[in-house]
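Written below as structure tokens is the structure these notes are about.
The values are calculated or read from the model by the stated rules, or taken from the named source; none is laboratory data. Remember, predicted model here, so these are calculated numbers, not experimental data. Using ideal geometry, Cβ is built from the backbone for each residue, glycine included, and neighbour counts are taken over all protein chains shown.
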Amino acid sequence: MERAENVVRVNDPIANVVADTHARHRSNDSGAVADYIPQLAVVEPDRFGIAIATVNGRLYTAGDADHPFTIQSVSKAFVYCLALELVGREAVLERVGVEPSGDVFNAIEFDPRTNRPYNPMVNAGAITTTGIVHSVAGSGTFDLILDKLSLAAGRRLEIDEAVYRSESETGHRNRAIGHLLRNAGAIDGSVDEIVDCYFRQCSILVTATDLARMGATLAHIGTNPATEEQVFDVQAVRNTLAVMFTCGTYDFSGSWAYDVGVPAKSGVGGGICGVVNRQLGIGTFSPRLDRMGNSVRGVATFIDLANELGLHVFDCSNTGSSVIRTLIR
Ligand code: DON
């Protein structure tokens, strides 16, 4: 898995916007790190990194862009893409919906119309998605997930064993959701194995740079721009981006679509991965979260980048070609 290094740091308008945005939000210490998983509470709260990876292989970074943290719920988007690829859209839709839940990520609820989880970005839907992969890959499920995410990042990823153990020791709510899913027929087979894979996928270590590259892989319709490896199926990418757009930041998803306007997925480890279709991926890392579970500085960074670089999908300040499209040509 070769990765072309093409790091741009100075004398470039995008690099300046990234550096300025980092400087503007560096001193914001509002929010609190997640502590419902004990090992998440030991992160360094002041860490703050931003990375942008373009579909033509350029990388822009600021701050702690190479500091590792656990991917947590950002994994849900990529595992959903994998599940779509493995069994196809119809089989996935039979088990998990695509409607925003308007509720917290770990809510114990199904869509009353279908008796299925609302969407793959909340825990119930994500455990279902991991269950779909498990129905195909069995005991090889986690290795398959790790391989896919590594290909998307363009480097071999690994797990944070301490976070995994902590998550497994305290994950009773997720186990309860797993058993309810099994009872409802949304997952088959061993609940323990499926939930264990879910805990492991959440414990994969990434950096903001990795998230930017993973986002760029989706932006580049499934091909990693740095390694040029085809990672995801085109149709699966389209469906994944749609769900990231409507459900990727939990009960903040409406405000996110309004103010940022790009598909994204957040995680309680402090990461956010955003996708500007056909243009770039954005990764941010800052562990202090707002009350909805999204990174405070991450949200602020995305709002600024969207405004300054014209990233919002419905931005009409330019005629269909954003600032970025012009700059990365
Ligand atoms: O299910 C959990 O509790 C976590 N492992 C993942 C949660 C997460 O990141 C939700 N996020 N915002």
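Identify the residue in segment 118-136 that is touching a Lys or Arg at 6+ places or on another chain (Cβ under 8 Å) and of a type in the set (A, V, I, L, M) and, among all such residues, is farthest from the ligand (Cβ to nearest atom). Among those residues, the one meeting the criterion is Ile132. Among the residues of segment 202-229, which ones are within 16 Å of the ligand (Cβ to nearest atom) and of a type in the set (A, V, I, L, M)? Across segment 202-229, the qualifying residues are Ile204, Leu205, Val206, Ala208, Leu211, Met214. With the condition kept exactly as written, say whether any residue in segment 235-247 is buried (at least 18 other Cβ atoms within 10 Å of the Cβ), in contact with a Phe, Trp or Tyr (Cβ under 7 Å, 6 or more places away or on another chain), assigned to a loop (DSSP other than H, G, I, E, B) and modelled with pLDDT of 95 or more. No, segment 235-247 contains no residue that is buried (at least 18 other Cβ atoms within 10 Å of the Cβ), in contact with a Phe, Trp or Tyr (Cβ under 7 Å, 6 or more places away or on another chain), assigned to a loop (DSSP other than H, G, I, E, B) and modelled with pLDDT of 95 or more.
Under the condition of being away from the ligand (no atom under 16 Å from the Cβ) and part of a helix (DSSP H, G or I), which residue from segment 183-201 is farthest from Ala91 (Cα to Cα)? Restricting to residues being away from the ligand (no atom under 16 Å from the Cβ) and part of a helix (DSSP H, G or I), the top hit is Glu193.
For residues in segment 144-178 being under 30 Å from Glu90 (Cβ atoms) and more than 15 Å from the ligand (Cβ to nearest atom), which is surrounded by the fewest Cβ atoms within 10 Å (Cβ to Cβ)? It comes out as Asp147.
For segment 94-131, residues that are hydrophobic (A, V, I, L, M, F, W, C) and farther than 21 Å from His172 by Cα total 2.
Can you tell me which residue among Asn115, Asn106 is surrounded by fewer than 24 Cβ atoms within 10 Å (Cβ to Cβ) and within 12 Å of the ligand (Cβ to nearest atom)?
Asn106
Look at segment 34-56: where a residue is among the polar types (S, T, N, Q) and a partner is outside any loop (DSSP other than H, G, I, E, B) and surrounded by fewer than 19 Cβ atoms within 10 Å (Cβ to Cβ), sitting 6+ places away or on another chain with Cβ atoms under 8 Å, you get Gln39/Ala162; Gln39/Arg165.
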